[in-house]
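Single-structure report; data block below.
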Amino acid sequence: MPSWNKAYHANCWGALGGAPVGVTSIKDLYYRTFGDMNRAIADIGAAGYKGIELFDGNLLDYEGKAGELRSHLADAGLNFLAVYSGGNFIFPEILSEELWRIRKGADLAAELGAQHLVVGGGAQRTTPTTEEDYRRLAEGLNQIVKVAEERGMTAHYHPHLTTMAESPEQIRKVFDLTSIHFCPDTAHLAAGGGDPAKLILEHADRITYVHLKDLRRNPFTFLPLGEGELDLDAILQALVTIKYAGWLLVELDSYDDPKAGAEIGMRYLTGFENRVKN
């Protein structure tokens, strides 16, 4: 039977947002959960996970205090697995500022032993996306690959709603143009009109890190694993088929009881592992 390493994102222990100063200062436009990350770390460890991913803004709250973060992780039995960042990537005049910000988060993540640097983005304009936009996005993502490699990490692009990579066709276009790895997020792939299991099979050679969450389309919301509409068994079976042996990162953008959401996800994954053979 499959037995995956399981991790959880700390993004639902508070409201999601970005640093307000980022409105006028691109270099400071970090992702952030406005919540207690030390509580998130403790809850994720208590739910049985072995790894954690943080937004770059929350990670950089520990800048100069890496020892404090290491202590909380050790107490919870967690590896610091990944940092999530992102950018517009298609506007040449601000790309250097975006890359400066991403490098800063990657530096601290590498110091803490992270394996993965995950980015989303590719801005949607008020006018239709052009081929030149895709070329610029790919060039930016290839620079992210270098940032990660220089720090001993693997870079991943996370297709996401409200970006240039929503539909399966858009996702194919991006990965045809760039060397970055593909971090599938099951709920975003489905919401963008794709079949997550088919996309995993199609892009198997680019997948070395996975984000899992469920969703309900009407009214739209993300949900804990097994609580929504996705055929998660088919998605996980696709990972079995491609012999995926990396980390599964469960995430949930918001939930009234984030620890309970994490526990639901863990029960679903261990239940699948117990009933499915390789």
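Laboratory data are not the source of any read-out in this text; all were calculated from the coordinates shown. Since the model is a prediction, treat every value here as computed from it, not as a measurement. Virtual Cβ from ideal backbone geometry, glycine too; neighbours counted across all protein chains shown.
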Item to check | Cα-projected label distance for ARG125 with ALA42, points at 7 Å along beta-carbon direction, nm | outcome: 5.0 nm
Checklist entry - Once whole DSSP H runs in the chain are found, which of them have Cα atoms spread over 20 Å or more along the helix axis and a mean Kyte-Doolittle score of at least 0.5? => result none
Checklist outcome for this item: Here the relative contact order (percent) of the stretch 173-275, from C-alpha pairs under 8 Å and at least 6 apart, is 25 percent
Checklist entry - Can you list the lysines whose alpha carbon is less than 28 Å from that of LYS27, not counting same-chain residues fewer than 8 positions off? => result LYS65, LYS104, LYS146, LYS173
Next on the checklist: Please report, in whole Å³, the volume per residue of the convex hull around the C-alpha atoms of the stretch 59-161.
Outcome noted: 106 Å³
Next on the checklist: List the lysines whose Cα sits under 24 Å from the Cα of LYS243, skipping any in the same chain fewer than 8 residues away.
Outcome noted: LYS6, LYS50, LYS198, LYS213, LYS277
Checklist entry - What is the magnitude of the charge dipole of the stretch 5-275 about its Cα centre, with +1 placed on the Cβ of each Lys and Arg, -1 on the Cβ of each Asp and Glu, and no other charges, expressed in debye to the nearest 20? => result 280 debye
Next on the checklist: Under the 0.36 nm per residue contour assumption, what length would be gained going from the current alpha-carbon distance of LYS146 and PHE91 to full extension?
Outcome noted: 17.9 nm
Checklist outcome for this item: Bounding extents of the stretch 5-275 in its principal axis frame from Cα atoms, largest first in Å, are 48, 43, 35
Checklist entry - What full-extension length gain, to one decimal in nm, is calculated for LEU16 and ASP257 as 0.36 nm per residue of separation minus the Cα-Cα distance? => result 85.3 nm
Item to check | Selection from TYR209, ASN38, THR186, by position along the positive dipole direction of the chain (Cβ) | outcome: TYR209
Checklist entry - What do you get when you divide the Cα radius of gyration of the stretch 174-229 by 2.2 N^0.38 Å, with N the number of residues? => result 1.20
Checklist outcome for this item: Listed residues VAL210, VAL240, VAL147; largest mean-square fluctuation, Gaussian network over the chain with Cα springs below 10 Å, found at VAL240
Checklist entry - Of the residues GLY246, GLY261, GLY140, which exhibits the maximal mean-square fluctuation in a Gaussian network model of the chain defined by a 10 Å Cα contact cut-off? => result GLY246
Item to check | Expected-Rg normalisation [2.2 N^0.38 Å, Cα atoms] applied to the stretch 130-278 | outcome: 1.07
Next on the checklist: Using a Gaussian network model on the chain with a 10 Å cutoff between Cα atoms, which of HIS116, HIS203, HIS188 fluctuates the most?
Outcome noted: HIS203
Checklist entry - For LYS50 and ALA66 in one chain, what is 0.36 nm times their gap in residues minus the Cα-Cα distance, to one decimal in nm? => result 3.9 nm
